[in-house]
1. With the requirement that a residue be more than 23 Å from Val183 (Cα to Cα) and hydroxyl-bearing (Ser, Thr, Tyr), what does region 224-262 give you?
2. Restricting to region 363-387, count the residues that are open to solvent by less than 10 Å² (accessible area, probe 1.4 Å) and either more than 23 Å from Lys335 (Cβ to Cβ) or of a type in the set (Val, Ile, Thr) (or both).
3. Among the helices (runs of 4 or more DSSP H) contained in region 366-406, which hold 3 or more residues that are over 37 Å from the mean Cα position of the chain (by Cα) and free of Cβ contacts under 8 Å to residues at least 24 places away in the same chain?
4. If a residue has to be in a helix (DSSP H, G or I) and open to solvent by 30 Å² or more (accessible area, probe 1.4 Å) to count, how many in region 41-87 make the cut?
5. Quick one: Gln25 ticks every box in (1) under 30 Å from Arg161 (Cβ atoms); (2) surrounded by fewer than 20 Cβ atoms within 10 Å (Cβ to Cβ) bar one, so which box is it?
6. So Glu206 clears everything in (1) under 18 Å from the mean Cα position of the chain (by Cα); (2) farther than 29 Å from Ser116 by Cβ except one condition, right? Which one?
7. Tell me, which residue of region 281-292 that is part of a loop (DSSP other than H, G, I, E, B) and of a type in the set (A, V, I, L, M, F, W, C) is most open to solvent (accessible area, probe 1.4 Å)?
Amino acid sequence: MAKIIGGLAVSHTPTIGFAVDHNKQQEGAWAPIFDGFAPMQRWLEEKKPDVLLYVFNDHVTSFFFDHYSAFVLGIDDEYAVADEGGGPRDLPPVKGHAALSQHIGASLMADEFDMSFFQDKALDHGLFSPLSALAPWQGGWPMQVVPLAVGVLQFPIPTARRCYKLGQALKRAVESFPEDLKVAVVATGGVSHQVHGERCGFNNPEWDAQFIDLLINDPERLTEITLAEYATLGGLEGAEVIMWLIMRGALSANVEKLHQDYYLPSMTGIATLILENQSREAPVDVHQRQRDKINLQMSGVEKLPGTYPFTQARSLKALRINRFLHRMIQPEWRKRFREAPQALYQEAGLTAEEQTLITELDWRGMIHYGVSFFLLEKLGAVVGVSNLHIYSAMRGETLEQFQQTRNQQVLYSVAGKKE
């Protein structure tokens with residue numbers, strides 16, 4: 001079984017990544033930051049977690065306000081460094097643990113957290129700024145990550161209590177994963193700071209100390225504080241510290257504090273914290289109970305002939321071809337596809353199998369491969385094939401045979417005006 005061994009909490013200010021990139025770790029103004037990171041580095045080196053469940057927020061880099069979610073879980077097997085305006089940092093991608101991510105996602109949905117999921121997105125300093133100070137990356141990162149992005153920049157945002165409950169649900173999710181893994185939960189963000197408006201530059205070290213004390217010893221008390229009160233005490237952007245409650249909720253009620261440090265160099269209080277789990281096993285198999293809960297809603301679907309649920313695993317496997325077909329909504333892409341499909345295949349990096357599936361309009365084969373039907377109908381609209389032709393191909397029938405099973409013999413597609 002997977003086991004949560006402890007939690008780390010750390011600010012994610014870009015100051016940290018800047019100092020790493022410019023070799024300022026030993027300089028006077030910067031050295032105290034890395035003095036605080038040193039015990040965390042040693043703890044990670046000693047405990048050697050297989051996976052970091054990494055809680056952070058994006059800074060309008062990979063997620064924009066045209067589709068903004070409260071809780072977004074990465075389900076990919078790799079995450080690159082995002083370009084935040086001046087080019088990406090010179091760091092390698094970090095590997096994801098897709099199977100654990102997908103299990104966590106299913107468990108959270110079973111626990112009635114309405115999650116969003118992402119793949120093939122680069123991640124910004126919310127993740128990579130502190131990670132580059134926590135672990136060596138030369139030759140590849142020593143652990144995998146499961147990234148959980150929290151939408152804290154566009155109000156309304158999740159409450160402190162909801163974040164704490166999410167952490168408790170994450171505990172059930174991780175501990176019910178059947179593979180033997182050591183997992184550390186990392187919470188980033190905060191502590192007190194404000195970076196906009198006339199209150200820009202606000203800090204409150206006294207509140208920062210009180211918050212950390214309550215986080216360790218009485219986290220329930222922190223769930224009673226409103227977001228406006230968090231903003232009053234720690235600055236509006238400092239309210240992102242509610243993400244630390246996700247980490248705390250994922251730990252046992254009793255924890256051992258191994259390290260705590262604080263430094264306020266400029267705009268953001270930089271805090272570091274290590275909490276080691278002190279969990280006890282229940283006398284009954286609660287982990288199997290959670291797995292049964294996860295599987296309850298889809299139990300029996302595997303018995304339905306000719307039925308292929310579009311799972312996250314299938315989505316990840318077929319992401320490349322699904323993206324290729326999704327771009328059929330773009331007029332220029334459609335034009336290029338009609339004129340020179342082979343060149344477009346090469347540009348998109350499709351495999352030989354994927355190219356054949358599209359070229360031969362193998363509708364049933366694409367479903368078996370992992371293509372979403374709703375992308376097939378976009379391809380059909382482009383090549384002039386109706387939905388009914390696609391449906392009949394699914395069943396291995398001619399159009400005429402399929403139409404005989406319908407109440408009305410009509411043809412239609414999602415195509416708009418002719419191009």
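1. Thr226, Tyr230, Thr232, Tyr262, listed by residue number.
2. Pass one, region 363-387, residues open to solvent by less than 10 Å² (accessible area, probe 1.4 Å): 366, 370-371, 376, 379-380, 387.
Going one step further and asking which of them are either more than 23 Å from Lys335 (Cβ to Cβ) or of a type in the set (Val, Ile, Thr) (or both), we end up with 370-371.
The qualifying residues number 2.
3. Values: elements: 373-383, 387-394, 399-403.
Here the list reads 399-403.
4. Taking region 41-87 as the starting set, the residues that turn out to be in a helix (DSSP H, G or I) are 41-47.
Remaining after also requiring open to solvent by 30 Å² or more (accessible area, probe 1.4 Å): 41-42, 45-47.
Adding up the residues that qualify gives 5.
5. Result: Gln25 passes all but (1).
6. Unmet for Glu206, out of (1) under 18 Å from the mean Cα position of the chain (by Cα); (2) farther than 29 Å from Ser116 by Cβ: (1).
7. If we filter region 281-292 for residues that are part of a loop (DSSP other than H, G, I, E, B), which is where we start, we get 281-285.
The next check asks that each one be of a type in the set (A, V, I, L, M, F, W, C); those that pass are 282, 284.
On the way: Ala282: 45, Val284: 81 Å².
Top of the filtered list is Val284.
Conditions tested, residue by residue: (1) open to solvent by less than 60 Å² (accessible area, probe 1.4 Å); (2) in contact with a Lys or Arg (Cβ under 8 Å, 6 or more places away or on another chain).
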{"position": "Ala250", "(1), (2)": "yes, yes"}
{"position": "Asn254", "(1), (2)": "no, no"}
{"position": "Gly269", "(1), (2)": "yes, no"}
{"position": "Ile294", "(1), (2)": "yes, no"}
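The values are calculated or read from the model by the stated rules, or taken from the named source; none is laboratory data. Remember, it's a predicted structure, so these values are computed and weren't measured experimentally. Neighbour counts run over all protein chains shown; Cβ positions are idealised from the backbone, glycine included. What goes into the accessible areas is simple: the full protein's heavy atoms, side chains included, and nothing from ligands, DNA or RNA. Shrake-Rupley method; radii C 1.70, N 1.55, O 1.52, S 1.80 Å.
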